[in-house]
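Read through the structure below, which is laid out as structure tokens, and then see the notes.
The values are calculated or read from the model by the stated rules, or taken from the named source; none is laboratory data. Treat the numbers as computed from the prediction; the structure is a model and nothing was measured. Cβ sites come from the backbone with ideal geometry, for glycine too, and all protein chains shown count toward neighbours. We work out accessible area using only protein heavy atoms, side chains counted, and drop any ligands, DNA or RNA first. Shrake-Rupley method; radii C 1.70, N 1.55, O 1.52, S 1.80 Å.
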Amino acid sequence: MRKLGLVFMTIMLVAALAACGGKSSGSNSSSSKEIVFWNPFAGPDGQNMKKMVDEYNKTNPKYKIKNISLKEGDMYKKIQTVENSGKNVPDLMIVHAERIKLYHDNKMLTSFDKYLKDYPEIKAENYMQEAWKIGDLDGSRYSVPLDIHSSVMYYNKDLVEKYAPGALDDNIVTYDEIEAAGEKSQKDKITGLGITWMKPIFLSLYAQNGGKLTENGTDPTIHNDQAKAAFQKWIDLYKEHVTNKDGEDPLQLFLQGKLIFYPEGIWMNNNLKDAKFDYGLTNAPQLSNDKSKMVNWSSSHQFVMFNSKERTDEKAKGVLAFVDWVRDHSLEWAKAGQNPASLKILDEPEYQKMAQSFLLKDPVEQASLKIFDYKYNGYVSEELDAKSLDIVFGKNPVDKALADIQKSLEDKISKDNTNK
Amino acid sequence: MEAPVKVIEKKATFKRSKKRTVNWTPWVFVTPHLVIFSLFFLVPILYGIYISFTSWDLVGKPDFVGLANYKEILWQKDSSFYTQFHNGLKNTFIFVLLSVPSCIIIPLLLASALNAKPRFHKLFQSIFYMPTLFSISAVVIIWTLMFNVNQGPINNLLGKSILWTGSQPYAWATLVIVTVWWGIGGNMIIYQAALNGIPKDYYEAADVDGANAIQKFFKITLPSIRGQILYTVVITTIAQFNVYGQPLMLTAGGPTDSTRVLLMDIQQNAFGSGQSIAGIASAMAFILGLCIMVVSLIQFLFLRNRD
Amino acid sequence: MKNKLLSFPKLVAFLFLLLMAIIWVVPLIWGLVTSFKGDMEFKTIGFKFLPVEWVTTNYTSLLVDNDSTPLLHWFFNSLIISVVHTLLVLIVVSMAAFAYGRLHFKGRNALFLFLMATMMFPGVVNLIPLYKIVDSLGWVNTYWAAIVPGAAGVFNIFLVRQFMVNIPIEFDEAARIDGAGDFQIFFRVVLPLLRPILMVVALFSFTGSWNDFLWPSIVFNDIEKMPITSGLQLLQGMYTAQPTLLMAGALIAIVPTFILYLFAQKYFLQSMSLSAGVKG
């Protein structure tokens, strides 16, 4: 009887192994004529990216693109795991600008230099400067920008007319103007300013105050008067009831027509399209009316190639061919609400009509776009995302919170072996 | 753990009297699981323990640092990892203490009531089990809407504007309510299976003795399903120690880190948006594992058969 | 007298269950009706339990209009993964539980305790080594990666073992005297009696596998190969959130597990009374 059982078991195991073996042989089929392209566009913008890729594949390129949109967090975890095992590394990937320095310092990226001579149009003059310079590290090119996306401010036109007439004449809304409008509108149960994603709002204000995340590129500097003043501005606005209350959803307030100013990213525009009132898009709230001092927090999606033994030179050229094609055909990406980094977009009449285009059309506006590419920006983001709202709502004293953030950043950075 | 051991001993003597050769049959039964277990659980865990003695960013080679990570999170008071770890562990324990009793008692009461087979008991059972079928993100979507300050049904029903996820003690209440709603289905079914297995004549005998319902519950029902209660207590405790999705997506650890549980710190250190600090994360995970082990052991000692 | 005794507890039980069921069902209904609200209506009209205007756009945009989210594909993938995973778990768990609960071998209790102890360690940081192992087996981007590793768990063995304690050992002994070996006892005596608890294990494994999303999203590179829960995560988008749409997605995703539950419920209630009959 025991024998029978053993036989049964063996058959089962063999069958299982055979099945697995059979499957796995066909699995690593990232066929050599295909460029595997990972990107974090899992939302509605994923549709736009897919359209672009389909369009490109229709041109019958030597290497077709295989588009894989992943959830942002999952994608960044996945790239760690595949880089670690060295297999299944994507041929091309989109990452956020802020991460590139770190990946580069960890020697995870492949330089574009070798292939650029075949694609002369991929050059500084053809791209938005702030986004282009991110990929320039140690004199080599490690990334090419797809877009530059900024945190701006939406406003309800009727309400601005009523409570802040003239505030938008110069297309800059200052905090003083917001405060005045909010104080007026309180009586009518209209909220002046929405408390949304504090990280970009704070960073932009911090930069306007002259603050820097780091002086020497490594050590963080955030526990200082500039940062305190930036948060204090919002603490005061909250205390004066200019902003929405804790727990209220500013998006809903705005759509309900109960909020005048709604600071958010340009990518939110698609979500507001069905609003039943007229709204506009302007610069993020500023301290002064002086356009040369303006700061609009921005980030950028950048094409990179992670190190991979499986990517041949030929294939890398195929990657560049696609990147170059995108430079020429980025209108579809603008339709997702984004600002493409390729300056060629400015020739498109359709783009000129898009609300977010004001940031690129005017050189002064362009100069206001600032990418915070501090190497440890990831840590800064985590800390700001965890603490900012508590600071603004008065649950965490600003001085203590900033001291904690500073300490936490220092401790985390001290763990980085690449500095030693 | 004692009951099965005794049973086995009885059987073992029975067996030995028959043959004395080494018996390989049991190994045939356990090998399939052991192979899968070793490959996909044990090896990764051992590797994780090794990592806890190193400094590693998931990219280069791990640097051996001995006990430095443990020293830092356990004793180095001026380190922010110390603060992180102690706050996270404290909050994890609070959550376990708040949620485990409800996750045991409520399903036990429900199962007992269902076992009486009143009208519509199958419908009721389905209703209680249904939330368990959802993934955590779906559960969070539903409850974020439920607890919304202005537009949520709960505040509208109460006629208040409580800040459920943003102020204490409501933030803890929110997490416990959501966890109980989502998670009792499994335990309820286990209890039902167990209750169904209690022979009816036990109760009939008790009826003859004139016992009331409460006496019967404590004298017959509870002792008869002790094995399953032990199982559910241990498993539920382990599950709640591993709480992650609810605080991450409902309260984001707030207000002021008061619901920030240890697993959130572990995740962020290992797979955050900055450079990975996998050594510290592994050390935190290892100590969390030790804590769970100690708590489970205590539960074993309290809940085992005492005869 | 006897009738009264029987019906009073039943009434109490009924009232208690009714009260709890109302509490339990409100969020479910809220989720359901929300999935029939328009995005704009949801965001602009204050609190209203029922939709002002019932719309099905949330469902149609998921099921019909969306060419980048192959929902049916995902459904199929999830079915394969969850079914095979569940079968694997049932085989592995029932065999192991039989050995740890019924057979005698050297180091048995120590081994079982060791297995349980390792289960206490949270697995989050082990993603990298686990991935490496799965990768070296050539399983990345195959169903096996989502099917097999989950069967490593010990808790189900613990559960079945606890249940087995209640099956009288005399059954085994009687069979042994009739000349049955361990395998015959396992297949003919123990396995049939374990049916109710194995149904529970099957339900848990299936649901767990169905709802897992982090691991699948790591091991599958092709969108078409992903299971449904990972796939639906993609819909959540980067910066945007549409609660009404997400709710519809969540409800679509539980349909199969709910059907399995209804089937299993019938089955394990029936077999539970069978096993009780055997014992009594």
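So A:K370 ticks every box in (1) more than 14 Å from chain B (Cβ to nearest Cβ); (2) surrounded by 21 or more Cβ atoms within 10 Å (Cβ to Cβ); (3) touching a Ser or Thr at 6+ places or on another chain (Cβ under 9 Å); (4) not in a helix (DSSP H, G or I) but one. Which box is left unticked?
For A:K370, the exception is condition (2).
Out of all the residues in segment C:22-76, which are closer than 19 Å to B:W143 by Cβ, open to solvent by 30 Å² or more (accessible area, probe 1.4 Å) and aromatic (F, W, Y)?
C:F36, C:F47, C:F49
Of the residues that make up segment B:197-210, is at least one open to solvent by 10 Å² or more (accessible area, probe 1.4 Å), without any contact (Cβ under 8 Å) to a residue 24 or more places away in the chain and touching a Pro at 6+ places or on another chain (Cβ under 7 Å)?
No, segment B:197-210 contains no residue that is open to solvent by 10 Å² or more (accessible area, probe 1.4 Å), without any contact (Cβ under 8 Å) to a residue 24 or more places away in the chain and touching a Pro at 6+ places or on another chain (Cβ under 7 Å).
Suppose the filter is in contact with a Pro (Cβ under 6 Å, 6 or more places away or on another chain), at the interface with chain C (Cβ under 7 Å from one of its Cβ atoms) and modelled with pLDDT under 95; does B:P44 pass it? It would help to see each step written out before you state the result.
Details: in contact with a Pro (Cβ under 6 Å, 6 or more places away or on another chain): yes; at the interface with chain C (Cβ under 7 Å from one of its Cβ atoms): yes; modelled with pLDDT under 95: yes.
Judged against the criteria, B:P44 is a match.
Name the residues in segment A:50-68 that are more than 9 Å from chain C (Cβ to nearest Cβ) and not in a loop (DSSP other than H, G, I, E, B), would you? Give the derivation first.
To start, the set of residues in segment A:50-68 that are more than 9 Å from chain C (Cβ to nearest Cβ) comprises A:51-65.
If the condition is that a residue be more than 9 Å from chain C (Cβ to nearest Cβ) and not in a loop (DSSP other than H, G, I, E, B), then A:K51, A:M52, A:V53, A:D54, A:E55, A:Y56, A:N57, A:K58, A:K64, A:I65 are the ones that fit.
Pick out, from segment A:259-336, the strands (runs of 3 or more DSSP E) lying fully within it that include 2 or more residues that are not polar (S, T, N, Q).
Details: elements: A:259-265, A:279-282, A:296-299, A:301-304.
Of the strands (runs of 3 or more DSSP E) lying wholly inside segment A:259-336, those with at least 2 residues that are not polar (S, T, N, Q) span A:259-265, A:279-282, A:301-304.
If C:A174 passes every condition in (1) more than 17 Å from B:Y231 (Cβ to Cβ); (2) more than 7 Å from every other protein chain (Cβ to nearest Cβ); (3) buried (at least 22 other Cβ atoms within 10 Å of the Cβ) but one, which one does it miss?
So C:A174 meets the others, but not (3).
Any idea which of (1) in a helix (DSSP H, G or I); (2) open to solvent by 10 Å² or more (accessible area, probe 1.4 Å) is the one C:G231 doesn't satisfy?
(2)
If I filter segment A:318-335 for residues that are buried (at least 21 other Cβ atoms within 10 Å of the Cβ) and under 24 Å from B:S273 (Cβ atoms), do I get at least one hit?
Looking for residues that are buried (at least 21 other Cβ atoms within 10 Å of the Cβ) and under 24 Å from B:S273 (Cβ atoms), one finds at least one in segment A:318-335, hence yes.
Of (1) within 11 Å of chain A (Cβ to nearest Cβ); (2) more than 30 Å from B:S276 (Cβ to Cβ); (3) aliphatic (A, V, I, L, M), C:A97 satisfies all except one. Which?
It is condition (1) that C:A97 fails.
I'd like to know if segment B:215-237 contains one or more residues that are in a loop (DSSP other than H, G, I, E, B) and within 12 Å of chain C (Cβ to nearest Cβ). If you could, list the steps in order and put the result at the bottom.
Here is the first cut: in segment B:215-237, the residues in a loop (DSSP other than H, G, I, E, B) are B:225.
Next cut, within 12 Å of chain C (Cβ to nearest Cβ) only: B:225.
Checking segment B:215-237: at least one residue is in a loop (DSSP other than H, G, I, E, B) and within 12 Å of chain C (Cβ to nearest Cβ).
Considering each of C:F121, C:F114, C:F105 in turn, give the residue that is farther than 22 Å from C:V219 by Cβ and either touching a strand residue (DSSP E or B) at 6+ places or on another chain (Cβ under 6 Å) or modelled with pLDDT under 90 (or both). Reasoning before the result, please.
On the way: C:F121 fails: farther than 22 Å from C:V219 by Cβ; C:F114 fails: either touching a strand residue (DSSP E or B) at 6+ places or on another chain (Cβ under 6 Å) or modelled with pLDDT under 90 (or both).
Checking each option against the conditions leaves just C:F105.
Criterion first (within 21 Å of C:L203 (Cα to Cα) and either more than 7 Å from chain C (Cβ to nearest Cβ) or aromatic (F, W, Y) (or both)) does B:Y203 satisfy it?
Numbers: within 21 Å of C:L203 (Cα to Cα): no; either more than 7 Å from chain C (Cβ to nearest Cβ) or aromatic (F, W, Y) (or both): yes.
The answer is no for B:Y203.
Need the failing condition index for C:L245 against (1) more than 13 Å from chain A (Cβ to nearest Cβ); (2) modelled with pLDDT of 80 or more, just the number.
Going through the list (1) more than 13 Å from chain A (Cβ to nearest Cβ); (2) modelled with pLDDT of 80 or more, C:L245 breaks only (1).
For B:I266, state whether it is over 30 Å from B:T144 (Cβ atoms) and crowded, with 18+ Cβ neighbours inside 10 Å. Step through it out loud before you land on a result.
Working: over 30 Å from B:T144 (Cβ atoms): no; crowded, with 18+ Cβ neighbours inside 10 Å: yes.
No; evaluated as a whole, the condition is false for this residue.
Restricted to segment A:259-282, and to residues that are facing chain C (nearest Cβ under 9 Å) and free of Cβ contacts under 8 Å to residues at least 60 places away in the same chain, which residue is surrounded by the most Cβ atoms within 10 Å (Cβ to Cβ)? It would help to see each step written out before you state the result.
Going through segment A:259-282, the residues facing chain C (nearest Cβ under 9 Å) turn out to be A:264-265, A:267-268, A:270-271, A:274-276.
In the following step, the residues that additionally are free of Cβ contacts under 8 Å to residues at least 60 places away in the same chain were identified as A:271, A:274-276.
Values: A:N271: 22, A:D274: 12, A:A275: 17, A:K276: 9.
Filtering first and then ranking leaves A:N271.
What residue, among those in segment C:124-144 that are in contact with a Leu (Cβ under 8 Å, 6 or more places away or on another chain) and modelled with pLDDT under 85, is least open to solvent (accessible area, probe 1.4 Å)?
The first filter runs over segment C:124-144 and keeps only residues in contact with a Leu (Cβ under 8 Å, 6 or more places away or on another chain), leaving C:124, C:128, C:133, C:144.
Still in the list and also modelled with pLDDT under 85: C:124, C:128.
On the way: C:V124: 34, C:I128: 4 Å².
Only one residue fits best here, namely C:I128.
In this structure, is A:A386 in a helix (DSSP H, G or I) and open to solvent by less than 50 Å² (accessible area, probe 1.4 Å)? Can you show your working first?
Values: in a helix (DSSP H, G or I): yes; open to solvent by less than 50 Å² (accessible area, probe 1.4 Å): yes.
In short, yes.
State which residue is nearest to A:S300 (Cα to Cα) when the search covers only segment A:63-89 and only residues that are of a type in the set (D, E, K, R) and in contact (Cβ under 8 Å) with a residue 40 or more places away in the chain.
Restricting attention to segment A:63-89, the residues satisfying the condition of being of a type in the set (D, E, K, R) are A:64, A:66, A:71-72, A:74, A:77-78, A:83, A:87.
Cutting the leftovers down to in contact (Cβ under 8 Å) with a residue 40 or more places away in the chain gives us A:78, A:83, A:87.
On the way: A:K78: 20, A:E83: 23, A:K87: 27 Å.
Of everything passing the filter in segment A:63-89, A:K78 is nearest to A:S300 (Cα to Cα).
When you look at B:K117, is it among the basic types (K, R), within 9 Å of chain C (Cβ to nearest Cβ) and open to solvent by 40 Å² or more (accessible area, probe 1.4 Å), yes or no?
Working: among the basic types (K, R): yes; within 9 Å of chain C (Cβ to nearest Cβ): yes; open to solvent by 40 Å² or more (accessible area, probe 1.4 Å): yes.
The answer is yes for B:K117.
Has segment C:144-154 got at least one residue that is more than 26 Å from B:S224 (Cα to Cα), more than 7 Å from every other protein chain (Cβ to nearest Cβ) and not hydrophobic (A, V, I, L, M, F, W, C)?
Going residue by residue through segment C:144-154, those that are more than 26 Å from B:S224 (Cα to Cα) are C:144-153.
Filter once more, so that each one left must be more than 7 Å from every other protein chain (Cβ to nearest Cβ): C:145-147, C:150, C:153.
Of the ones still in play, those that are also not hydrophobic (A, V, I, L, M, F, W, C) are C:150, C:153.
Yes, some residue in segment C:144-154 is more than 26 Å from B:S224 (Cα to Cα), more than 7 Å from every other protein chain (Cβ to nearest Cβ) and not hydrophobic (A, V, I, L, M, F, W, C).
Within segment A:212-231, how many residues turn out to be in a loop (DSSP other than H, G, I, E, B) and open to solvent by 10 Å² or more (accessible area, probe 1.4 Å)?
Selection size over segment A:212-231: 10.
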